[in-house]
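What follows is a set of notes on a single structure, which appears directly below.
The values are calculated or read from the model by the stated rules, or taken from the named source; none is laboratory data. Owing to the predicted nature of the structure, the values given are computational and were not obtained by experimental measurement. So basically every Cβ, Gly included, is an ideal-geometry build from the backbone, and we count neighbours across all protein chains shown. These area figures cover heavy atoms from the full protein model, side chains too; ligands, DNA and RNA do not enter into them. Shrake-Rupley method; radii C 1.70, N 1.55, O 1.52, S 1.80 Å.
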Amino acid sequence: MNPVLPLLALGLLDAAFSGFRAYAGRDARIRKHRAVVRAALRGLAVGAVLLLAPALTAGAVLLAADDPDRAYGVLADGGVGFLVPLGLYALAVAVSLLAYFALPFRASTLAMVVGLGPLTLARPLFVAVACAGALVAGGGWTSLLVGAVAGAAVLCVEPFVHRRWYAMPL
Amino acid sequence: MPHLEISDLITVTDPLSGARLPVRRGDVVRLLQESGDPRAARIVAGLPAGRDDVLDPLAVDRLMIGVHTEMQRLSEELRIGERLVHVLGPLFEAIREIAGRRGRFRLVDIGSGLGYLVRWLAATGALGPNVELIGVDLDAALVAEADRLARAEGLDCRFVHGNAFDLPEIATVYVSTGVLHHFRGPALTEFFEAQADSQALAFCHFDIAATRLAPVGAWMFHRARMRHPLGRHDGVVSALRAHTDDTLLRAATVPGIRPLLYEPRGLSNPFCTTLRPVLGIRPYLEDPLRLAMGRASRRLVGAEQLSRPGAAR
Ligand SMILES: C[S@@+](CC[C@H](N)C(=O)[O-])C[C@H]1O[C@@H](n2cnc3c(N)ncnc32)[C@H](O)[C@@H]1O
(Lines give C-alpha, C1' and ligand atoms only; values in the text may rest on other atoms or scores of the structure.)
Protein backbone atom coordinates (compact mmCIF):
# COMPACT_ATOMS: atom_id res chain seq x y z
CA MET A 1 0.00 0.00 0.00
CA ASN A 2 1.28 3.47 -0.86
CA PRO A 3 0.67 5.66 2.21
CA VAL A 4 1.46 9.00 0.54
CA LEU A 5 -2.07 10.00 -0.48
CA PRO A 6 -3.84 9.05 2.79
CA LEU A 7 -1.05 10.78 4.77
CA LEU A 8 -1.40 13.91 2.65
CA ALA A 9 -5.19 13.87 3.06
CA LEU A 10 -4.87 13.46 6.84
CA GLY A 11 -2.26 16.22 7.01
CA LEU A 12 -4.43 18.69 5.09
CA LEU A 13 -7.56 17.78 7.07
CA ASP A 14 -5.62 18.29 10.28
CA ALA A 15 -4.40 21.65 8.98
CA ALA A 16 -7.97 22.81 8.31
CA PHE A 17 -8.96 21.83 11.87
CA SER A 18 -5.84 23.55 13.18
CA GLY A 19 -6.95 26.72 11.41
CA PHE A 20 -10.33 26.45 13.11
CA ARG A 21 -8.72 25.93 16.53
CA ALA A 22 -6.40 28.89 16.01
CA TYR A 23 -9.49 31.04 15.51
CA ALA A 24 -11.86 29.48 18.05
CA GLY A 25 -12.19 31.51 21.23
CA ARG A 26 -11.16 34.72 19.49
CA ASP A 27 -14.47 35.83 18.03
CA ALA A 28 -17.41 36.49 20.34
CA ARG A 29 -19.96 37.15 17.62
CA ILE A 30 -22.87 34.72 17.36
CA ARG A 31 -23.08 34.23 13.62
CA LYS A 32 -19.66 33.27 12.37
CA HIS A 33 -19.94 30.51 9.79
CA ARG A 34 -17.99 32.51 7.24
CA ALA A 35 -15.28 33.37 9.72
CA VAL A 36 -14.99 29.68 10.65
CA VAL A 37 -14.64 28.69 6.99
CA ARG A 38 -12.05 31.44 6.44
CA ALA A 39 -10.02 30.20 9.44
CA ALA A 40 -10.13 26.61 8.18
CA LEU A 41 -8.97 27.77 4.73
CA ARG A 42 -6.12 29.71 6.31
CA GLY A 43 -5.10 26.57 8.18
CA LEU A 44 -5.34 24.56 4.99
CA ALA A 45 -3.17 27.04 3.07
CA VAL A 46 -0.52 27.17 5.80
CA GLY A 47 -0.64 23.37 6.12
CA ALA A 48 -0.17 22.93 2.36
CA VAL A 49 2.98 25.05 2.50
CA LEU A 50 4.38 23.45 5.66
CA LEU A 51 3.74 19.94 4.36
CA LEU A 52 6.22 20.69 1.57
CA ALA A 53 8.89 20.24 4.25
CA PRO A 54 8.39 16.46 4.71
CA ALA A 55 7.86 16.06 0.95
CA LEU A 56 11.22 17.77 0.29
CA THR A 57 12.88 15.76 3.05
CA ALA A 58 11.63 12.51 1.47
CA GLY A 59 12.82 13.74 -1.93
CA ALA A 60 16.26 14.50 -0.52
CA VAL A 61 16.45 11.05 1.10
CA LEU A 62 15.65 9.42 -2.24
CA LEU A 63 18.13 11.57 -4.15
CA ALA A 64 20.90 10.79 -1.69
CA ALA A 65 20.21 7.04 -1.64
CA ASP A 66 22.54 4.56 -3.40
CA ASP A 67 19.54 2.42 -4.23
CA PRO A 68 16.52 4.74 -4.65
CA ASP A 69 14.06 1.85 -5.21
CA ARG A 70 15.05 0.20 -1.95
CA ALA A 71 15.00 3.59 -0.15
CA TYR A 72 11.51 4.21 -1.53
CA GLY A 73 10.34 0.81 -0.26
CA VAL A 74 11.73 1.54 3.20
CA LEU A 75 10.04 4.94 3.28
CA ALA A 76 6.74 3.39 2.16
CA ASP A 77 6.96 0.79 4.97
CA GLY A 78 7.69 3.55 7.46
CA GLY A 79 4.82 5.60 6.04
CA VAL A 80 2.37 2.77 6.70
CA GLY A 81 3.64 2.49 10.28
CA PHE A 82 3.24 6.27 10.61
CA LEU A 83 -0.27 6.18 9.17
CA VAL A 84 -1.78 3.53 11.45
CA PRO A 85 -1.74 5.49 14.77
CA LEU A 86 -2.82 8.67 12.97
CA GLY A 87 -5.63 6.81 11.25
CA LEU A 88 -6.87 5.53 14.61
CA TYR A 89 -6.64 9.04 15.99
CA ALA A 90 -8.61 10.44 13.05
CA LEU A 91 -11.24 7.73 13.55
CA ALA A 92 -11.64 8.63 17.23
CA VAL A 93 -11.98 12.32 16.30
CA ALA A 94 -14.54 11.49 13.62
CA VAL A 95 -16.63 9.41 16.05
CA SER A 96 -16.48 12.17 18.70
CA LEU A 97 -17.44 14.82 16.17
CA LEU A 98 -20.31 12.73 14.90
CA ALA A 99 -21.52 12.21 18.47
CA TYR A 100 -21.14 15.92 19.17
CA PHE A 101 -23.21 17.02 16.19
CA ALA A 102 -25.76 14.19 16.16
CA LEU A 103 -26.60 13.67 19.83
CA PRO A 104 -28.85 15.82 22.03
CA PHE A 105 -27.10 18.45 24.13
CA ARG A 106 -26.41 16.37 27.24
CA ALA A 107 -24.68 13.55 25.42
CA SER A 108 -22.98 15.92 23.01
CA THR A 109 -21.37 17.67 25.95
CA LEU A 110 -20.00 14.30 27.00
CA ALA A 111 -18.52 13.81 23.52
CA MET A 112 -16.80 17.16 23.95
CA VAL A 113 -15.42 16.65 27.45
CA VAL A 114 -14.31 13.02 27.17
CA GLY A 115 -13.67 12.93 23.40
CA LEU A 116 -12.69 16.06 21.55
CA GLY A 117 -11.02 17.84 24.48
CA PRO A 118 -8.54 15.07 25.41
CA LEU A 119 -7.96 14.26 21.75
CA THR A 120 -6.91 17.86 21.14
CA LEU A 121 -4.50 17.70 24.06
CA ALA A 122 -3.11 14.36 22.88
CA ARG A 123 -2.16 15.47 19.35
CA PRO A 124 1.61 15.74 20.01
CA LEU A 125 1.49 12.37 21.74
CA PHE A 126 -0.10 10.76 18.69
CA VAL A 127 2.54 12.32 16.45
CA ALA A 128 5.22 10.77 18.68
CA VAL A 129 3.45 7.39 18.55
CA ALA A 130 3.25 7.70 14.76
CA CYS A 131 7.02 8.28 14.60
CA ALA A 132 7.54 5.18 16.74
CA GLY A 133 5.15 3.35 14.39
CA ALA A 134 7.34 4.30 11.42
CA LEU A 135 10.34 2.71 13.15
CA VAL A 136 8.47 -0.40 14.22
CA ALA A 137 7.18 -0.94 10.67
CA GLY A 138 10.77 -1.12 9.43
CA GLY A 139 11.06 2.40 8.07
CA GLY A 140 14.48 2.99 9.62
CA TRP A 141 15.99 6.36 10.42
CA THR A 142 14.95 7.88 7.10
CA SER A 143 11.25 7.34 7.84
CA LEU A 144 11.77 8.62 11.35
CA LEU A 145 13.31 11.78 9.88
CA VAL A 146 10.51 12.35 7.38
CA GLY A 147 7.90 11.51 10.02
CA ALA A 148 9.42 13.91 12.55
CA VAL A 149 9.50 16.71 9.97
CA ALA A 150 5.87 15.98 8.99
CA GLY A 151 4.82 15.88 12.66
CA ALA A 152 6.54 19.18 13.38
CA ALA A 153 4.88 20.71 10.30
CA VAL A 154 1.33 19.75 11.30
CA LEU A 155 1.91 20.82 14.91
CA CYS A 156 3.12 24.25 13.72
CA VAL A 157 -0.01 25.09 11.71
CA GLU A 158 -2.19 26.11 14.65
CA PRO A 159 0.34 28.38 16.42
CA PHE A 160 1.29 29.98 13.12
CA VAL A 161 -2.29 30.74 12.05
CA HIS A 162 -3.07 31.92 15.57
CA ARG A 163 -0.15 34.36 15.71
CA ARG A 164 -0.60 35.59 12.18
CA TRP A 165 -4.35 36.24 12.18
CA TYR A 166 -5.87 35.69 15.62
CA ALA A 167 -3.43 36.95 18.23
CA MET A 168 -6.05 39.36 19.62
CA PRO A 169 -9.80 38.94 20.15
CA LEU A 170 -11.61 40.07 17.00
CA MET B 1 -8.19 27.26 52.55
CA PRO B 2 -10.62 29.34 50.46
CA HIS B 3 -10.45 28.94 46.70
CA LEU B 4 -10.01 32.35 45.11
CA GLU B 5 -10.60 33.33 41.49
CA ILE B 6 -8.09 35.78 40.07
CA SER B 7 -10.74 37.65 38.06
CA ASP B 8 -12.66 38.45 41.26
CA LEU B 9 -9.54 40.02 42.76
CA ILE B 10 -8.11 42.06 39.90
CA THR B 11 -11.31 43.93 39.00
CA VAL B 12 -12.88 45.64 41.98
CA THR B 13 -15.96 47.80 41.56
CA ASP B 14 -17.53 49.94 44.25
CA PRO B 15 -20.93 48.25 44.66
CA LEU B 16 -22.67 51.55 45.44
CA SER B 17 -21.28 53.93 42.84
CA GLY B 18 -20.25 51.31 40.26
CA ALA B 19 -16.88 53.07 40.05
CA ARG B 20 -13.75 51.09 39.30
CA LEU B 21 -11.39 50.96 42.30
CA PRO B 22 -7.58 50.79 42.04
CA VAL B 23 -6.12 47.37 42.84
CA ARG B 24 -2.55 46.96 44.10
CA ARG B 25 -0.83 44.02 42.49
CA GLY B 26 1.21 43.21 45.61
CA ASP B 27 -1.97 42.97 47.71
CA VAL B 28 -3.52 40.44 45.34
CA VAL B 29 -0.29 38.43 45.11
CA ARG B 30 -0.07 38.28 48.91
CA LEU B 31 -3.71 37.25 49.27
CA LEU B 32 -3.27 34.43 46.77
CA GLN B 33 -0.09 33.24 48.43
CA GLU B 34 -1.81 33.23 51.81
CA SER B 35 -4.66 31.22 50.35
CA GLY B 36 -2.13 28.55 49.35
CA ASP B 37 -2.27 29.19 45.60
CA PRO B 38 1.27 30.13 44.45
CA ARG B 39 0.38 29.47 40.80
CA ALA B 40 -2.34 32.11 40.88
CA ALA B 41 0.04 34.48 42.68
CA ARG B 42 2.59 34.04 39.87
CA ILE B 43 -0.04 34.76 37.22
CA VAL B 44 -0.97 38.04 38.94
CA ALA B 45 2.67 38.97 39.54
CA GLY B 46 3.12 38.88 35.76
CA LEU B 47 0.32 41.40 35.07
CA PRO B 48 1.35 44.97 34.17
CA ALA B 49 1.16 47.61 36.91
CA GLY B 50 2.12 51.27 37.21
CA ARG B 51 4.87 52.74 39.39
CA ASP B 52 2.49 52.82 42.34
CA ASP B 53 2.01 49.04 41.91
CA VAL B 54 -1.62 49.60 40.88
CA LEU B 55 -2.67 47.12 38.16
CA ASP B 56 -3.01 48.83 34.79
CA PRO B 57 -6.82 49.07 34.40
CA LEU B 58 -6.74 49.09 30.60
CA ALA B 59 -4.55 45.99 30.47
CA VAL B 60 -6.84 44.26 32.99
CA ASP B 61 -9.91 45.15 30.89
CA ARG B 62 -8.26 43.79 27.75
CA LEU B 63 -7.33 40.62 29.60
CA MET B 64 -10.85 40.15 30.98
CA ILE B 65 -12.40 40.65 27.54
CA GLY B 66 -9.93 38.15 26.07
CA VAL B 67 -10.62 35.55 28.76
CA HIS B 68 -14.40 36.01 28.45
CA THR B 69 -14.16 35.65 24.68
CA GLU B 70 -12.45 32.30 25.19
CA MET B 71 -15.03 31.40 27.83
CA GLN B 72 -17.73 31.98 25.25
CA ARG B 73 -16.19 29.22 23.18
CA LEU B 74 -16.80 26.82 26.06
CA SER B 75 -20.40 28.03 26.34
CA GLU B 76 -20.85 27.41 22.64
CA GLU B 77 -19.39 23.92 22.82
CA LEU B 78 -21.43 23.05 25.91
CA ARG B 79 -24.55 24.31 24.11
CA ILE B 80 -25.46 26.62 26.95
CA GLY B 81 -28.17 28.30 24.89
CA GLU B 82 -29.99 25.03 24.23
CA ARG B 83 -29.54 23.94 27.83
CA LEU B 84 -31.21 27.13 29.00
CA VAL B 85 -34.03 27.06 26.50
CA HIS B 86 -34.76 23.48 27.55
CA VAL B 87 -35.89 24.94 30.91
CA LEU B 88 -36.72 28.54 30.00
CA GLY B 89 -38.94 27.58 27.05
CA PRO B 90 -41.45 25.74 29.30
CA LEU B 91 -41.06 28.42 31.98
CA PHE B 92 -42.11 31.17 29.57
CA GLU B 93 -44.87 28.90 28.27
CA ALA B 94 -46.19 28.61 31.82
CA ILE B 95 -45.88 32.35 32.35
CA ARG B 96 -47.73 33.07 29.10
CA GLU B 97 -50.42 30.63 30.18
CA ILE B 98 -50.99 32.62 33.34
CA ALA B 99 -50.24 36.16 32.19
CA GLY B 100 -52.03 36.02 28.88
CA ARG B 101 -50.61 35.36 25.45
CA ARG B 102 -50.26 38.98 24.44
CA GLY B 103 -48.17 40.15 27.39
CA ARG B 104 -44.68 41.50 27.02
CA PHE B 105 -42.02 39.86 29.13
CA ARG B 106 -38.50 40.64 30.08
CA LEU B 107 -35.55 38.35 30.69
CA VAL B 108 -32.62 39.83 32.61
CA ASP B 109 -29.31 37.96 32.63
CA ILE B 110 -27.38 38.86 35.79
CA GLY B 111 -23.58 38.83 35.55
CA SER B 112 -23.94 38.59 31.78
CA GLY B 113 -20.22 39.09 31.04
CA LEU B 114 -19.88 39.42 27.26
CA GLY B 115 -23.58 38.69 27.00
CA TYR B 116 -23.30 35.47 25.02
CA LEU B 117 -26.57 34.10 26.35
CA VAL B 118 -28.59 37.25 25.74
CA ARG B 119 -27.08 37.73 22.28
CA TRP B 120 -27.65 34.07 21.39
CA LEU B 121 -31.28 34.30 22.51
CA ALA B 122 -31.66 37.48 20.46
CA ALA B 123 -30.04 35.91 17.39
CA THR B 124 -32.09 32.71 17.54
CA GLY B 125 -35.36 34.18 18.80
CA ALA B 126 -35.63 31.01 20.86
CA LEU B 127 -37.93 32.51 23.50
CA GLY B 128 -40.32 34.19 21.08
CA PRO B 129 -40.70 37.77 19.92
CA ASN B 130 -42.36 39.22 23.00
CA VAL B 131 -39.44 38.68 25.38
CA GLU B 132 -37.18 41.69 25.86
CA LEU B 133 -33.57 40.65 26.49
CA ILE B 134 -31.25 42.52 28.85
CA GLY B 135 -27.84 41.74 30.35
CA VAL B 136 -26.54 43.29 33.58
CA ASP B 137 -22.95 43.14 34.76
CA LEU B 138 -20.81 44.81 37.39
CA ASP B 139 -17.84 45.07 35.02
CA ALA B 140 -18.21 48.19 32.83
CA ALA B 141 -15.65 47.00 30.26
CA LEU B 142 -17.52 43.73 29.68
CA VAL B 143 -20.83 45.59 29.42
CA ALA B 144 -19.38 47.94 26.80
CA GLU B 145 -17.94 45.04 24.81
CA ALA B 146 -21.22 43.08 25.02
CA ASP B 147 -23.00 46.14 23.69
CA ARG B 148 -20.50 46.59 20.86
CA LEU B 149 -20.89 42.93 19.84
CA ALA B 150 -24.70 43.14 19.90
CA ARG B 151 -24.67 46.27 17.74
CA ALA B 152 -22.14 44.77 15.32
CA GLU B 153 -24.64 42.01 14.54
CA GLY B 154 -27.76 44.17 14.80
CA LEU B 155 -29.18 42.09 17.67
CA ASP B 156 -32.27 43.21 19.55
CA CYS B 157 -30.97 43.21 23.14
CA ARG B 158 -29.20 45.62 25.49
CA PHE B 159 -26.62 45.65 28.26
CA VAL B 160 -26.60 47.62 31.48
CA HIS B 161 -23.89 48.32 34.02
CA GLY B 162 -25.24 47.29 37.42
CA ASN B 163 -25.02 45.21 40.56
CA ALA B 164 -26.81 41.92 41.18
CA PHE B 165 -27.68 43.05 44.69
CA ASP B 166 -29.21 46.32 43.62
CA LEU B 167 -30.82 45.37 40.34
CA PRO B 168 -31.28 48.26 37.95
CA GLU B 169 -33.74 46.40 35.70
CA ILE B 170 -37.08 44.84 36.60
CA ALA B 171 -37.67 41.48 34.99
CA THR B 172 -40.25 38.78 34.42
CA VAL B 173 -37.49 36.21 34.79
CA TYR B 174 -33.96 36.65 36.10
CA VAL B 175 -31.34 34.21 34.85
CA SER B 176 -27.60 33.78 35.13
CA THR B 177 -24.92 31.37 33.98
CA GLY B 178 -21.75 30.62 35.91
CA VAL B 179 -22.33 33.36 38.46
CA LEU B 180 -23.74 31.67 41.59
CA HIS B 181 -20.41 30.28 42.79
CA HIS B 182 -19.10 33.86 43.07
CA PHE B 183 -21.63 34.54 45.84
CA ARG B 184 -20.80 32.82 49.13
CA GLY B 185 -22.54 32.45 52.49
CA PRO B 186 -25.26 35.02 53.24
CA ALA B 187 -24.62 36.79 49.90
CA LEU B 188 -26.15 33.81 48.08
CA THR B 189 -29.43 34.15 50.00
CA GLU B 190 -29.37 37.94 49.58
CA PHE B 191 -28.98 37.40 45.83
CA PHE B 192 -32.15 35.27 45.69
CA GLU B 193 -34.01 37.54 48.13
CA ALA B 194 -33.43 40.63 45.98
CA GLN B 195 -35.17 38.84 43.10
CA ALA B 196 -37.96 37.37 45.24
CA ASP B 197 -38.66 40.87 46.57
CA SER B 198 -38.96 42.24 43.05
CA GLN B 199 -41.93 41.88 40.70
CA ALA B 200 -40.24 38.97 38.91
CA LEU B 201 -42.25 35.78 38.47
CA ALA B 202 -39.24 33.49 38.50
CA PHE B 203 -35.50 33.11 38.54
CA CYS B 204 -33.43 30.42 36.93
CA HIS B 205 -29.71 30.41 37.68
CA PHE B 206 -27.36 27.96 35.99
CA ASP B 207 -24.07 27.02 37.54
CA ILE B 208 -21.57 24.18 37.53
CA ALA B 209 -22.93 21.00 39.11
CA ALA B 210 -20.85 20.17 42.19
CA THR B 211 -19.88 16.64 41.22
CA ARG B 212 -16.56 14.98 41.99
CA LEU B 213 -15.89 14.96 38.27
CA ALA B 214 -16.44 18.69 37.85
CA PRO B 215 -12.90 19.88 38.75
CA VAL B 216 -11.29 17.15 36.59
CA GLY B 217 -13.60 17.90 33.66
CA ALA B 218 -13.02 21.63 34.12
CA TRP B 219 -9.25 21.12 34.14
CA MET B 220 -9.32 19.07 30.97
CA PHE B 221 -11.73 21.32 29.16
CA HIS B 222 -10.03 24.60 30.07
CA ARG B 223 -6.59 23.14 29.40
CA ALA B 224 -7.67 22.02 25.93
CA ARG B 225 -9.59 25.15 25.00
CA MET B 226 -8.23 28.22 26.79
CA ARG B 227 -4.93 29.91 26.18
CA HIS B 228 -4.47 32.38 28.98
CA PRO B 229 -3.32 30.86 32.30
CA LEU B 230 -5.81 33.09 34.13
CA GLY B 231 -8.74 31.50 32.30
CA ARG B 232 -7.40 28.01 32.93
CA HIS B 233 -6.86 28.74 36.60
CA ASP B 234 -10.23 30.36 37.26
CA GLY B 235 -12.06 27.68 35.28
CA VAL B 236 -10.88 24.95 37.64
CA VAL B 237 -11.41 27.07 40.77
CA SER B 238 -15.00 27.75 39.64
CA ALA B 239 -15.66 24.01 39.60
CA LEU B 240 -14.10 23.64 43.06
CA ARG B 241 -16.32 26.47 44.34
CA ALA B 242 -19.56 25.10 42.84
CA HIS B 243 -22.36 25.06 45.40
CA THR B 244 -23.90 21.74 46.43
CA ASP B 245 -27.56 20.94 45.78
CA ASP B 246 -28.37 21.44 49.47
CA THR B 247 -26.66 24.82 49.66
CA LEU B 248 -28.50 26.08 46.60
CA LEU B 249 -31.92 24.89 47.71
CA ARG B 250 -31.43 26.23 51.22
CA ALA B 251 -30.27 29.64 49.95
CA ALA B 252 -33.15 29.83 47.46
CA THR B 253 -35.70 29.14 50.19
CA VAL B 254 -36.89 32.72 50.53
CA PRO B 255 -40.39 34.09 51.18
CA GLY B 256 -42.77 34.08 48.22
CA ILE B 257 -40.68 31.61 46.23
CA ARG B 258 -40.92 27.89 45.53
CA PRO B 259 -37.29 26.72 45.22
CA LEU B 260 -36.60 23.89 42.80
CA LEU B 261 -33.51 22.23 41.43
CA TYR B 262 -33.35 20.84 37.90
CA GLU B 263 -31.19 17.74 37.42
CA PRO B 264 -29.85 17.39 40.97
CA ARG B 265 -26.88 15.11 41.47
CA GLY B 266 -28.77 11.93 42.24
CA LEU B 267 -31.10 12.25 39.27
CA SER B 268 -28.63 12.97 36.54
CA ASN B 269 -25.62 11.46 34.89
CA PRO B 270 -22.65 13.41 36.28
CA PHE B 271 -20.82 12.98 32.98
CA CYS B 272 -23.52 14.82 31.07
CA THR B 273 -24.52 17.44 33.60
CA THR B 274 -22.08 20.30 33.45
CA LEU B 275 -24.34 23.22 34.26
CA ARG B 276 -27.76 22.95 35.82
CA PRO B 277 -30.11 25.50 37.34
CA VAL B 278 -31.68 26.31 40.66
CA LEU B 279 -35.10 27.81 40.05
CA GLY B 280 -37.29 29.99 42.18
CA ILE B 281 -40.84 30.40 40.95
CA ARG B 282 -43.99 31.97 42.30
CA PRO B 283 -45.83 28.97 43.79
CA TYR B 284 -48.80 29.24 41.39
CA LEU B 285 -46.42 28.67 38.47
CA GLU B 286 -45.35 25.21 39.59
CA ASP B 287 -48.22 23.20 38.09
CA PRO B 288 -48.23 25.02 34.72
CA LEU B 289 -44.44 24.68 34.57
CA ARG B 290 -44.53 20.94 35.23
CA LEU B 291 -47.23 20.56 32.63
CA ALA B 292 -45.19 22.51 30.07
CA MET B 293 -42.07 20.45 30.82
CA GLY B 294 -43.81 17.14 30.31
CA ARG B 295 -41.67 14.11 31.19
CA ALA B 296 -38.64 16.29 31.89
CA SER B 297 -40.43 17.63 34.98
CA ARG B 298 -39.37 14.43 36.79
CA ARG B 299 -35.95 16.01 36.99
CA LEU B 300 -37.32 19.09 38.72
CA VAL B 301 -37.25 18.56 42.48
CA GLY B 302 -37.82 20.52 45.66
CA ALA B 303 -36.07 20.15 49.02
CA GLU B 304 -38.71 17.64 50.20
CA GLN B 305 -37.77 15.15 47.44
CA LEU B 306 -34.07 15.63 48.01
CA SER B 307 -34.31 14.93 51.73
CA ARG B 308 -36.44 11.80 51.32
CA PRO B 309 -34.19 8.89 52.31
CA GLY B 310 -32.74 7.29 49.21
CA ALA B 311 -34.30 9.83 46.86
CA ALA B 312 -32.31 11.95 44.45
CA ARG B 313 -29.07 11.69 46.39
C1 LIG C 1 -17.83 33.68 35.44
S2 LIG C 1 -18.45 35.17 34.78
C3 LIG C 1 -19.85 34.57 33.86
C4 LIG C 1 -20.18 35.46 32.72
C5 LIG C 1 -21.31 35.00 31.81
N6 LIG C 1 -22.55 34.83 32.53
C7 LIG C 1 -20.94 33.71 31.10
O8 LIG C 1 -21.56 32.67 31.36
O9 LIG C 1 -20.03 33.74 30.28
C10 LIG C 1 -19.17 35.98 36.18
C11 LIG C 1 -19.69 37.36 35.84
O12 LIG C 1 -20.41 37.86 36.96
C13 LIG C 1 -20.16 39.24 37.07
N14 LIG C 1 -20.47 39.64 38.45
C15 LIG C 1 -19.83 39.27 39.58
N16 LIG C 1 -20.41 39.85 40.65
C17 LIG C 1 -21.46 40.58 40.19
C18 LIG C 1 -22.44 41.40 40.81
N19 LIG C 1 -22.46 41.59 42.11
N20 LIG C 1 -23.35 42.01 40.01
C21 LIG C 1 -23.34 41.84 38.67
N22 LIG C 1 -22.44 41.07 38.04
C23 LIG C 1 -21.51 40.45 38.78
C24 LIG C 1 -18.69 39.38 36.69
O25 LIG C 1 -18.38 40.70 36.30
C26 LIG C 1 -18.59 38.37 35.55
O27 LIG C 1 -18.83 38.97 34.32
- request: Quick one: dipole size for segment B:78-122, taken about the Cα centre, charges +1 on Lys/Arg Cβ and -1 on Asp/Glu Cβ, in debye to the nearest 20.
  value: 180 debye
- prompt: Label B:E304 and A:L135 with points 7 Å out from Cα along Cα→Cβ: what is the distance between them in nm?
  reply: 6.8 nm
message: Taking 35 Å as R0, compute the FRET efficiency from the Cβ-Cβ separation of A:L88 and B:R148 and round it to 0.05.
response: 0.20
Label zone at B:D197, where the point sits 7 Å out along the Cα-to-Cβ direction: segment B:251-291 residues whose backbone N lies under 14 Å: B:254-256
field: Average other protein chain Cβ within 10 Å of Cβ, residues B:147-155
entry: 2
query: If the chain between B:Y284 and B:M1 were fully stretched, how many nm would it gain, using 0.36 nm times the residue separation less the Cα-Cα distance?
result: 97.7 nm
query: Distance in nm between label sites at A:C156 and B:R51, each 7 Å beyond Cα in the beta-carbon direction?
result: 4.4 nm
Dipole of chain A [Lys/Arg +1, Asp/Glu -1 at C-beta], most positive-end residue of A:G140, A:V157, A:A128: A:V157
- request: For B:D207, enumerate residues with amide H under 5 Å from its amide H, sequence gap 5+ or separate chain, H modeled in the peptide plane.
  value: B:G178, B:R276, B:V278
- prompt: Where the centre of each part is set by its Cα atoms, how far does segment B:205-265 sit from segment B:1-24, in angstrom?
  reply: 20 Å
query: Roughly how much accessible area, to the nearest 100 Å², goes out of reach of solvent when A and B pair up, both sides summed, probe 1.4 Å?
result: 2900 Å²
field: Kyte-Doolittle mean at least -0.5 and Cα axial length at least 20 Å: DSSP H helices in chain B
entry: B:57-77, B:80-99
- prompt: Quick one: net charge of B:S176's neighbours, Cβ under 12 Å, K/R +1, D/E -1?
  reply: -3
query: With all protein chains present, how much of the accessible area of chain B (probe radius 1.4 Å) comes from carbon and sulfur, to the nearest whole percent?
result: 55 percent
message: Can you list the DSSP H helices in chain A whose Cα atoms extend at least 24 Å along the helix axis and whose mean Kyte-Doolittle hydropathy is -1.0 or higher?
response: A:4-23, A:33-50, A:68-102, A:140-165
message: Quick check: convex hull over the Cα atoms of segment B:18-58, volume per residue in Å³, rounded to an integer?
response: 75 Å³
message: Under a crude label model (7 Å from the Cα following the beta-carbon direction), how far is B:L213 from B:E190 in nanometres?
response: 3.6 nm
query: Rounded to the nearest 0.05, what FRET efficiency is calculated for B:A140 and A:A60 with R0 set to 45 Å and r the Cβ-Cβ distance?
result: 0.15
- line: From the Cα centre of segment B:63-101 to that of segment A:8-64, the distance in Å is 33 Å
